[in-house]
Each structure stands twice: as structure tokens, then as C-alpha cells.
Amino acid sequence: MTSVKGRPWPSGEPFVGFNSGDFTFGNSAEDVTDPPKWLRFGCPRGRGECLVAIRPQTFLNGAGWTWDGNREAPTLSPSIHCLAEKDGQKLAGCGWHGWLRNGEFVLA
């Protein structure tokens, strides 16, 4: 099992120059406020930036994740599947599938 240790991004700092496993919370792609609607993180595969919706916020397809409330070592549920392809259509995702548990990105 492969994992990447997550690291909280400094509050209020633009999410620029991040590394795999860096993460930040926010209400939009630009700010960090309470309560968060999104978790942004550096792809565990090193392929860019990922974003997941924190419930009750969801994406248009209804996808959303529950969060345990821990800002330093978060756990999300269910697993995160960054789709690279669906029904033969190429998507923007990298294909990583795993969990964020206690601040660690764990490969499925």
C-alpha cells in the first residue's frame, strides 16, 4: 500500500507552488473560510491539483464527501476516485483512487 503524508497549507496563502499531499480548505477556489465547502489538494501522484466537495456541498453529479472536522489531519469518506476516463470519455482526472485518512493519502 502506497501513501503520501498530507500537509496543511498555510491559512490565507494562495495555493500556488504546492506539492503532492499539500491541502487547504475553502469556500471557493480563492479563499479559506469557515465552514469549508471544498478540500483542495496536491495530487498524490504529482499530477496537479485536485478538488473535492465537502458535504452538504456537492458537485453537479451529486458527488460529495463527509469530513471529520479535523483541519490538521483530515479524514474524508468515501474514497476519492479522480477519474481519468468514464464511459470511454477522457476526463481531467489522473486516475488516482484512494482515501484521505488521518491526514494521509492512501492508495486503494
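Filter the stretch 27-64 for residues that are within 19 Å of R101 (Cα to Cα) and of a type in the set (G, A, S) and give the result. Before the answer, list the steps.
From the stretch 27-64, those within 19 Å of R101 (Cα to Cα) are 36-46, 49-55, 63-64; that's our starting set.
Hits for the stretch 27-64 are G42, G46, A53, A63, G64.
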Task: Residue match in the stretch 80-102 (condition: buried (at least 19 other Cβ atoms within 10 Å of the Cβ), more than 17 Å from P8 (Cα to Cα), in contact with a Ser or Thr (Cβ under 7 Å, 6 or more places away or on another chain) and small (G, A, S)) - done: yes
Open item on the list: Scan the stretch 40-55 and tell me whether some residue there is part of a loop (DSSP other than H, G, I, E, B), surrounded by 14 or more Cβ atoms within 10 Å (Cβ to Cβ) and out of contact with any strand residue (DSSP E or B) (no Cβ under 6 Å at 6 or more places or on another chain).
Closed with: yes
Open item on the list: Can you find, within the stretch 56-72, the residue that is modelled with the highest pLDDT among those that are in a loop (DSSP other than H, G, I, E, B) and touching a Ser or Thr at 6+ places or on another chain (Cβ under 6 Å)?
Closed with: D68
- [ ] Report whether or not F18 is buried (at least 16 other Cβ atoms within 10 Å of the Cβ) and over 12 Å from the mean Cα position of the chain (by Cα).
- [x] yes
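The values are calculated or read from the model by the stated rules, or taken from the named source; none is laboratory data. Values in this document were obtained by computation on a predicted structure and should not be read as measured data. When we count neighbours, we look across all protein chains shown, and the Cβ atoms used for this are built from the backbone with ideal geometry, even at glycine.
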